[in-house]
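Student: The structure's right below; bear with me while I get my questions together.
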């Protein structure tokens, strides 16, 4: 077995084990009445730092205005999404009680699915439009309670690293909840672990570029296409892929 394959197996095993561990801890503390959102935030950040350390990743954040995340209005983070490592990167680099829209099927995974539910992650059924609308309504309630929602507007990880077509659901949610949209471009995560790959590139520097907040309260539902184009334009610039 090649050295690179062994390293990959070690990283995968350790990452799986620590993810299972925090799920068990969350479920146990919930059962004992000891689980709080603040505790969950700290647990997720601890887990994220561990995952990034396993691959030797360093993260730098640019143009972060923490007041945007503490302004008392609903906030939706919208990012490009090309690697599983985008998830721990967000928890490590941005403030607040961040949770993500998560594929509904993942909530069916034993232990891990219950951990996601305990941690206030929000399931979404992308194959059932009627159910997806209900899921977004639940996401709105979570935001009203102080959750900062993270959405990948493409709906899934990009295989190429470029932005794919955006889905409207997150933008309609932003309009209905009068949220602040914060575009965030992640650079370099795909090189660590591309979508549908088990080959790791260790010791990478990843950059998180935070864009200009967009107040959806000043927009109308009729302008959703314009809003989508504005976010896409910012994301391309933040990713460093904007047309010259």
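Please treat every number below as a calculation from the coordinates, not as lab data. Everything numeric here is computed off the predicted structure, so don't read it as measured data. All Cβ positions, glycine included, derive from the backbone under ideal geometry; neighbour counts span all protein chains shown.
Student: With the chain treated as a Gaussian network of Cα nodes joined by springs under 10 Å, which of 92, 182, 109 yields the largest mean-square fluctuation?
Tutor: Among 92, 182, 109, the largest mean-square fluctuation in the Gaussian network model of the chain belongs to 109.
Student: Let me ask another. Write down the Kirkwood hydrodynamic radius of the chain, to one decimal in angstroms, obtained as one divided by the mean of 1/r over all alpha carbon pairs.
Tutor: Kirkwood hydrodynamic radius for the chain: 18.6 Å.
Student: Under a GNM of the chain (C-alpha, springs under 10 Å), which listed residue has the highest mean-square fluctuation: 48, 201, 83?
Tutor: Among 48, 201, 83, the largest mean-square fluctuation in the Gaussian network model of the chain belongs to 201.
Student: Using a 10 Å cut-off around each Cβ, can you sort 171, 35 from fewest to most neighbouring Cβ atoms?
Tutor: Least crowded to most crowded, the residues run 35, 171.
Student: Take the Cα atoms of the range 5-119, find their three principal axes, and give me the spread along each one in whole Å, biggest first.
Tutor: That works out to 40, 39, 24 Å along the principal axes.
Student: Please grab the % of Cα pairs in the range 102-244 that end up more than 28 Å from each other.
Tutor: 24
Student: Provide 163, 20, 238 in ascending order of the number of other Cβ atoms located within 10 Å of each residue's Cβ, fewest first.
Tutor: 20, 163, 238
Student: Separate question: Would you look at the GNM of the chain, springs on alpha carbons closer than 10 Å, and say which of 13, 102, 156 moves the most?
Tutor: Evaluated over the chain, the most mobile residue of the options is 13.
Student: Here is a further query. As a footprinting exposure proxy, order 43, 149 by other Cβ within 10 Å, with the fewest listed first.
Tutor: The order, fewest Cβ neighbours first, is 43, 149.
Student: How many percent of DSSP beta bridges within the chain run antiparallel, rounded to 5?
Tutor: 25
Student: What whole-number value in cubic angstrom gives the convex hull volume per residue for the C-alpha atoms of the range 59-178?
Tutor: Measuring per residue, one finds 118 Å³ for the Cα hull of the range 59-178.
Student: Using helices alone, what [θ] at 222 nm do you get for the chain, with -39,500 (n - 2.57) per DSSP H run of 4 or more residues, divided over all residues and rounded to the nearest 500?
Tutor: Per the formula, -14000 deg cm²/dmol.
Student: Please list 215-223, 69-77 highest first by mean number of surrounding beta-carbon atoms within 10 Å per residue.
Tutor: My ranking of the peptides, most packed first, is 69-77, 215-223.
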